[in-house]
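Read through the structure below, which is laid out as structure tokens, and then see the notes.
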Amino acid sequence: MKQFFKMAVITSALVGVIGCQSTDESSAVVAIETNAPVASATTFDALQKQYALDKVTFDSLDNFKVYSESTYTDMMEDWIDAKDVFSDIEKEPSLINEEYSMFSSGSYSAKYMSLVADADMALSKLKNYKETADVVLSDAIAQMAYLNSIDVKTYYPQDFLSLNKQYRELFITVIEEGIAEAQTSQASFLTQAKVIEIETTLKIHVVPLEKEFVGLTNKGFRTIAPISYGQTKAELDKTKKAVQANNRDKALIVDVVAKTRFQLDHLKNMAAEVKLLKAVKNGEFEQSVLEVENKLLSISQAINGDDYRDEPLRAQTSSILNAVQQMHDINNTTDLEAKIKGLNAQIKTLEVTVENQTEDRVNSQKQVLLLTQQLERNDNLINNLNGVIASYKEKEAVVAEEVNTATQDAPVAEALTATEVVPVEVEDPSVEKAIVETSTVNDIVIPVEVNKAVNVK
């Protein structure tokens with residue numbers, strides 16, 4: 001049918017082309033046909049990427065089915081139709097922009113996107129249902145998860161199917177009848193679920209023990225060993241009650257089951273020994289007594305080499321037990337002495353360690369003191385050096401200033417003779433002659449003192 005639609009579309013396009021007489025319009029049609037494959041390829045790549053994302057989303061929503069089976073069904077039907085459309089496009093990418101049907105104006109691509117949009121709307125509804133139901137039915141959800149974890153379906157398949165149907169109806173109640181009604185239904189569900197949970201736990205851990213005990217009862221163990229039989233029955237009843245009251249306490253279950261298993265094995269062994277005694281012919285029990293006595297002798301010889309056969313069997317047993325207790329006490333004393341020695345050695349080691357640490361601490365304090373003193377000396381030395389440097393710089397500045405002054409007076413000094421005393425003649429007879437002393441510093445003549453002042457009358 002789709003192929004028929006495709007041919008009809010192509011035919012219509014050809015008729016339109018033939019009816020066009022304009023050269024420009026023909027060129028435009030050719031141009032469109034030339035560019036169409038490129039545009040289709042680009043669109044197909046985008047659609048292919050979108051399909052990959054949609055597939056990841058819609059192929060992993062099985063857990064949403066419980067929230068509304070009808071909405072989930074609608075969503076999956078839309079998604080399956082969308083996958084079919086994409087499959088057609090994937091086989092022939094040129095279909096992507098062609099009309100999907102003669103009765104619609106949308107393309108294959110638009111049809112795919114429309115179906116995905118419908119599926120996404122259904123998914124949004126499911127998410128809203130889930131948000132409400134996860135809060136209202138949290139206890140029921142947790143209970144159902146635990147029933148699955150202990151595999152109730154394997155032990156009670158019919159009861160599990162009935163309970164699972166009730167569980168799914170809770171979610172419908174949340175949507176259609178409201179939260180209050182759903183909580184009432186949830187309470188009824190939890191009551192029935194707890195009964196099946198306990199029955200399953202008993203069937204896993206206790207029923208195998210009960211079956212074994214019934215088998216021993218059928219073999220006449222109640223008559224053969226009545227005392228051990230009664231102890232085993234009491235332990236089995238205790239185990240059953242403990243499992244019923246604490247069916248989720250795994251550690252307790254393991255403990256009580258192990259105790260019942262021990263009693264069952266003890267009952268079997270006791271019954272076997274009683275049967276051996278009953279099998280003695282003609283009431284000749286001496287051989288059996290001798291066998292027991294030899295076993296006791298082997299034990300006493302292994303303990304301390306003593307022979308208690310001059311005592312009654314009951315006394316022999318008591319003597320052996322006393323010897324075992326003494327040996328145990330001796331071993332305890334030896335162990336305690338060894339532990340005491342070990343502890344004393346540890347104490348000595350710790351004392352030495354503490355002493356060494358104390359000595360190290362004193363040495364460290366001394367080193368800290370010496371370093372502190374050295375730092376103080378270094379600080380004083382630095383201050384002295386700074387003072388010397390400052391003084392040197394001051395003297396250097398003074399010398400530089402004197403040199404500059406001497407340089408400025410050099411032309412005057414060159415006019416003077418090298419003699420130390422220079423007579424100065426004054427034309428005015430009223431002015432006395434003055435003697436000017438000069439000093440030579442670094443070949444520069446500097447006037448030092450005037451002995452007589454010039455008097456003007």
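Summary table below
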| item | result |
| --- | --- |
| Those residues of the stretch 275-293 which are farther than 26 Å from PRO226 by Cβ and either modelled with pLDDT of 75 or more or touching a His at 6+ places or on another chain (Cβ under 6 Å) (or both), in sequence order | LEU290, GLU293 |
| Of the criteria (1) open to solvent by less than 40 Å² (accessible area, probe 1.4 Å); (2) closer than 30 Å to VAL195 by Cβ; (3) in a helix (DSSP H, G or I), which one ALA271 fails | (2) |
| The stretch 235-247: number of residues that are farther than 13 Å from HIS266 by Cβ and in contact (Cβ under 8 Å) with a residue 12 or more places away in the chain | 7 |
| Considering residues of the stretch 163-179 that are open to solvent by 70 Å² or more (accessible area, probe 1.4 Å) and over 39 Å from the mean Cα position of the chain (by Cα) only, the residue farthest from LYS65 (Cα to Cα) | GLU177 |
| Test: residue in the stretch 218-239 that is more than 29 Å from ILE320 (Cβ to Cβ), open to solvent by 40 Å² or more (accessible area, probe 1.4 Å) and either outside any helix (DSSP H, G or I) or of a type in the set (Gly, Ala, Ser) (or both) | yes |
| Residue match in the stretch 36-43 (condition: of a type outside the set (A, V, I, L, M), under 45 Å from the mean Cα position of the chain (by Cα) and at pLDDT 50 or above) | yes |
| Residue tally, condition under 16 Å from ALA119 (Cβ atoms) and either surrounded by 16 or more Cβ atoms within 10 Å (Cβ to Cβ) or modelled with pLDDT under 90 (or both), over the stretch 44-57 | 3 |
| Close pairs from the stretch 130-159: first hydroxyl-bearing (Ser, Thr, Tyr), partner open to solvent by less than 50 Å² (accessible area, probe 1.4 Å), Cβ under 8 Å, at least 6 apart | THR132/VAL174; TYR146/GLU197; TYR155/THR200; TYR156/ILE196; TYR156/THR200 |
| Search result, residues across the stretch 102-154 that are farther than 30 Å from LYS91 by Cβ, among the hydroxyl-bearing types (Ser, Thr, Tyr) and in contact with a Phe, Trp or Tyr (Cβ under 8 Å, 6 or more places away or on another chain) | TYR129 |
| Which listed residue, of ILE253, ILE320, is part of a helix (DSSP H, G or I) and either farther than 30 Å from GLU197 by Cβ or out of contact with any His (no Cβ under 7 Å at 6 or more places or on another chain) (or both) | ILE320 |
| Check on THR232, in contact (Cβ under 8 Å) with a residue 12 or more places away in the chain and of a type in the set (Ser, Thr, Tyr) | yes |
| Residue under evaluation VAL254, criteria (1) over 28 Å from TYR146 (Cβ atoms); (2) open to solvent by 70 Å² or more (accessible area, probe 1.4 Å); (3) at pLDDT 95 or above, criterion not met | (1) |
| Residue match in the stretch 296-306 (condition: modelled with pLDDT of 85 or more, farther than 26 Å from THR223 by Cα, open to solvent by less than 90 Å² (accessible area, probe 1.4 Å) and outside any helix (DSSP H, G or I)) | yes |
| Looking only at the stretch 71-120, and only at residues there that are among the aromatic types (Phe, Trp, Tyr) and open to solvent by 50 Å² or more (accessible area, probe 1.4 Å), the one that is farthest from LEU47 (Cα to Cα) | PHE103 |
| Any chance SER60 is more than 30 Å from VAL174 (Cα to Cα), without any contact (Cβ under 8 Å) to a residue 60 or more places away in the chain and open to solvent by 40 Å² or more (accessible area, probe 1.4 Å) | no |
| Qualifying residue in the stretch 185-204 (condition: assigned to a helix (DSSP H, G or I), of a type in the set (S, T, N, Q) and more than 25 Å from LYS241 (Cα to Cα)) | yes |
| Pairs, first under 13 Å from GLU293 (Cβ atoms) in the stretch 311-325, second assigned to a helix (DSSP H, G or I) and among the acidic types (Asp, Glu), C-beta under 8 Å, six or more apart | LEU313/GLU293; GLN316/GLU293 |
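The values are calculated or read from the model by the stated rules, or taken from the named source; none is laboratory data. What you are looking at is a predicted structure, and each value in this text was computed from that prediction instead of being measured. In this analysis, Cβ positions are derived from the backbone assuming ideal geometry, glycine residues included, and neighbour counts consider all displayed protein chains. Please note that ligands, DNA and RNA were not included when accessible areas were found on the heavy atoms of the full protein model with its side chains. Shrake-Rupley method; radii C 1.70, N 1.55, O 1.52, S 1.80 Å.
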